[in-house]
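The values are calculated or read from the model by the stated rules, or taken from the named source; none is laboratory data. Because the structure is a prediction, the values reported are computed rather than measured. Cβ sites come from the backbone with ideal geometry, for glycine too, and all protein chains shown count toward neighbours. For the accessible areas, the whole protein counts, side chains as well, though only heavy atoms, and no ligand, DNA or RNA atoms are used. Shrake-Rupley method; radii C 1.70, N 1.55, O 1.52, S 1.80 Å.
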Amino acid sequence: MKKRQKFLHEKEYVSYFNRLIDLERQEEMKVHKKEIESLSGEKREKLGRAITNLRFYRREVNSLGKTLVYFRRDKEIKESEIKEGDVVLLSYGNPLKFNVSANVYSITKHSIVLMFESFPKKLSLTKRHTYRVDLYVNETTYSRIKEALKRVKSKTTLFPLSILLGHEKPSKPQYILDVKFINKKLNDVQKKAVVESLSSKNIYLIHGPPGTGKTTTLVEIALQLALKGRKVLVSADSNTAVDNFLEKISQYESLDINYVRVGNISRINKKLIEKSLDYLVGEMFYDNQTKNLYKELEKKEVELGKYVKPTPSLRRGLSDDEIIKAAISKRGIRGIPNKKIKSMAKYIKLKREINLIKEMIAKKRERIVKEILDNAQIVFTTNSTAGSDYLRDINFDVVIIDESTQATEPSSLIPLIKAPKAILAGDHKQLPPTVLSMRAREEGLEKSLFERFMELYPESSIMLKIQYRMNEKIMNFSNKMFYYGNLVAYEANKNHLLENYKGMISNIPITFVNISSKEQRRKGSTSISNKEEANVVIMIVNDLLRFYPPSSIGIISPYQDQVELLKKKLKMYDGLEIKTVDGFQGREKDIIVISLVRGNDSNNIGFLEDYRRLNVAITRAKKKLIIVGNEDTLRSNRMYRDLISYIKSEGEYVNANVLKIS
């Protein structure tokens with residue numbers, strides 16, 4: 001099926017994306033299911049995708065009415081991929097036969113706390129069982145995408161369908177001339193982006209190459225909109241991107257703008273917790289009245305245990321009201337002694353009183369949540385959480401979607417439909433959304449909404465051009481290959497270099513280290529590593545660490561097995577970040593060391609041919625970029641051949657066999 005740019009009508013749009021989303025969901029389930037079937041819990045735990053032998057020890061309800069369930073074990077939980085906020089399966093026995101889904105609220109070395117929106121009736125918690133937690137498919141996100149697609153089909157979206165489907169070009173911005181900029185450091189292109197965003201009617205696109213201040217520009221736009229009385233929804237596909245935006249906007253407390261972060265508290269940056277809905281609700285909710293209600297609730301629940309619970313076998317067809325009536329008559333009924341009837345009647349009355357208190361607590365909580373969200377001028381959330389119950393009935397004047405090129409179009413659709421106007425920002429020259437299904441990828445799910453809109457509406461877009469991050473020598477190759485030479489390095493940073501470095505290589509901004517080693521593939525792995533190349537990276541990093549703190553250095557490799565190998569060898573350095581390219585998108589360090597891994601006689605460079613991945617990797621460094629790779633293998637590809645030639649001309653080229661710590 002052909003990738004789509006325009007759609008005939010909303011039914012075609014919905015059918016197209018429903019199909020792609022179903023393909024992706026099936027693939028994700030298949031990957032996890034295959035692994036759960038083929039591997040024991042212990043083996044899956046070694047891969048970091050399960051935690052076994054957990055014991056239940058406590059259950060409680062938090063300020064938003066969510067159930068928290070606490071598990072622990074004696075053996076330490078090591079290097080798990082399972083993180084706070086992840087969707088997991090909780091099970092005992094076979095997880096494919098019996099399971100319930102939950103969010104990870106918190107995780108420590110010996111415990112994990114799971115959070116349930118509402119506690120599942122089929123889950124029995126006992127201290128006799130051992131439980132298991134597995135990473136699995138996030139059904140919540142899929143259901144919210146489906147709901148957004150239903151809104152498109154029923155034509156009940158606030159965002160104009162004519163623009164979404166590609167039928168009508170957006171009207172050109174009517175310029176606002178009296179903008180008083182809050183951030184006085186914005187450059188002229190950023191200011192133009194702000195003015196055109198504010199004055200556009202339905203859609204505006206901000207193309208922000210690495211280091212050009214994309215989020216800084218969006219912060220100015222959000223503040224300007226809030227000061228003009230507009231209600232703004234700010235979203236992004238990842239919690240990290242949302243929190244990055246929120247952290248920048250929190251620097252403007254003096255403007256007295258009311259904003260709130262909505263989402264799973266376990267996934268919010270701990271420094272920003274006080275801006276979260278959970279925290280704000282808790283501050284308003286736990287007054288003396290609520291405390292007294294909880295005390296009364298606890299007292300009645302203890303008292304409830306003294307009376308006979310009217311189970312179906314005991315009540316013998318009698319309704320609650322009939323049991324209460326029979327208790328008053330002081331006689332037995334249907335063979336049930338009056339004493340038991342009275343006890344059951346007291347149980348029923350107490351249960352009704354308990355339910356009434358719970359209802360009062362729930363209504364109070366709902367009222368506070370509504371008050372906070374109604375009063376918020378800016379609401380921050382992930383794309384998925386924009387479709388949560390909290391925000392279901394709240395509409396916005398403008399939605400701002402940051403890092404929109406990292407989200408699939410159906411993901412961006414969840415927040416998009418909640419406002420008549422959208423401002424999207426991203427960089428389609430960097431990594432696309434992650435899509436597991438090859439068919440879904442080939443048929444268009446990898447193309448973001450931002451990229452499709454850029455093709456349809458280039459006149460409603462702007463590219464930011466002043467690059468603040470990198471030394472000019474680091475920037476230039478990416479600038480030429482991906483941005484048509486439009487980027488300009490900020491004057492104060494264009495020549496910044498490593499200071500006081502007298503190590504094995506120079507402080508010239510960009511270095512290529514050639515090594516003729518060969519790659520290896522671990523049995524059963526889909527990834528690859530290169531041990532000899534890893535040893536060279538370790539030697540370079542150890543040399544750098546004589547002069548600079550670990551937090552100033554980042555190590556990137558496109559291959560997970562190489563990342564794991566380097567992590568194992570360098571685990572003694574706290575603050576030294578070692579990640580895949582995907583893990584470093586949006587990040588920056590003074591020094592970046594890249595291990596390209598590929599080295600083989602067939603000159604196969606695999607998915608290094610995804611040039612957007614290369615673009616991300618080489619644009620993370622501010623002062624020093626070091627690339628380690630096998631030149632013979634890499635030169636078979638034109639892009640890498642040009643990169644190595646550029647470094648030979650403008651940077652430093654060395655052979656690994658001559659390197660040694662001085």
Once Lys and Arg are counted +1 and Asp and Glu -1 for all other residues with Cβ under 11 Å from that of L280, the total becomes -2
Working note, the range 572-662: Cα radius of gyration (Å, one decimal) and Dmax (Å, whole number) are 13.8, 38
With runs of 4+ DSSP H residues as the only contributors, calculate the mean residue ellipticity of the chain at 222 nm using -39,500 (n - 2.57) per run, divided by the residue total and rounded to the nearest 500. -11500 deg cm²/dmol
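Working out 0.36 nm times the residue gap between I505 and I328, then minus their Cα-Cα distance, what length gain in nm do you get to one decimal?
Values: separation 177, 0.36 × 177 = 63.72 nm, distance 9.29 nm.
Length gained between I505 and I328: 54.4 nm.
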Rounded to a whole %, the carbon-and-sulfur portion of the accessible area of the chain at a 1.4 Å probe is 48
Tell me, what is the 1.4 Å probe accessible area of Y646, in Å² to the nearest 10? 40
Restricting attention to the range 1-100, which trypsin sites (Lys or Arg not before Pro) occupy a DSSP loop and are surrounded by at most 14 other Cβ atoms within 10 Å? K2, K3, K6, K75, K78, K83, K97
On Cα atoms only, tilt of 10-38 relative to the major axis of the chain in degrees: 90
Counting Lys and Arg as +1 and Asp and Glu as -1, what is the net charge of the other residues whose Cβ lies under 10 Å from the Cβ of I394? +2
Modelled label reach - S516, point 7 Å along Cα→Cβ, the range 592-620 residues with backbone N closer than 14 Å: 600-601
Compare the Cα positions of T290, T381, P160 along the charge dipole of the chain (+1 at Cβ of Lys, Arg; -1 at Cβ of Asp, Glu; about the Cα centre) and return the one farthest towards the positive end. T290
12 Å cut-off, amide nitrogen to a point 7 angstrom out along E35 Cα→Cβ, residues in the range 504-528: 526
Label-point separation, S254 to N600 (7 Å along Cα→Cβ), nm: 5.9
Assuming a viscosity of 0.692 mPa s and a temperature of 37 °C, what translational diffusion coefficient in µm² per second does Stokes-Einstein assign to the range 80-159, Rh being the Kirkwood radius over Cα pairs? 225
For the range 414-434 and the range 229-302, write down the distance between their C-alpha centroids in whole Å. 24
Within the range 580-618, name every residue whose backbone N is under 20 Å away from a label modeled 7 Å from Cα of E442 along the Cβ vector. 606-611
For the range 318-388 and the range 141-168, what is the centre-to-centre distance using only Cα atoms, to the nearest Å? 38
The chain: antiparallel bridges as % of DSSP beta bridges, rounded to 5, reads 35
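Quick check: residue separation of V658 and D22 times 0.36 nm, minus the Cα distance between them. What number comes out in nm?
Details: separation 636, 0.36 × 636 = 228.96 nm, distance 5.32 nm.
Taking 0.36 nm per residue and subtracting the Cα distance, the gain is 223.6 nm.
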Between D287 and S143, with labels modelled 7 Å along Cα→Cβ, what's the label distance in nm to one decimal, could you check? 3.3
Which residue, S238, N187, T580, has the largest displacement toward the positive end of the dipole of the chain when charges sit on each Cβ (Lys, Arg +1; Asp, Glu -1)? S238
Area of M454 that stays accessible when all protein chains are in place (1.4 Å probe, Å², to 10): 40
Average Cα contact separation per residue, the chain, under 8 Å, 6 or more apart, as relative contact order %: 14
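Per residue, how large is the accessible surface of the chain? Use a 1.4 angstrom probe and give square angstrom.
Accessible area per residue, the chain: 47 Å².
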With the Cα gyration tensor of the range 447-585 giving a ≥ b ≥ c as the square roots of its eigenvalues, does the rule (a/c under 1.5 for rounded; else a/b larger than b/c for prolate; else oblate) give rounded, prolate or oblate? oblate
As a quick test, which of the pairs K192/K370; K78/K270; K97/K363; K571/K660 have an alpha carbon distance above 25 angstrom in this structure? K192/K370; K97/K363
Using a Förster distance of 60 Å, how high is the FRET efficiency between Y484 and S118, based on the Cβ-Cβ distance and rounded to 0.05? 0.70
Nitroxide proxy distance, nm - points 7 Å out along Cα→Cβ at K309 and T108: 3.1
If r is the Cβ-Cβ distance from S551 to S171 and R0 is 56 Å, what FRET efficiency results, to the nearest 0.05? 0.75
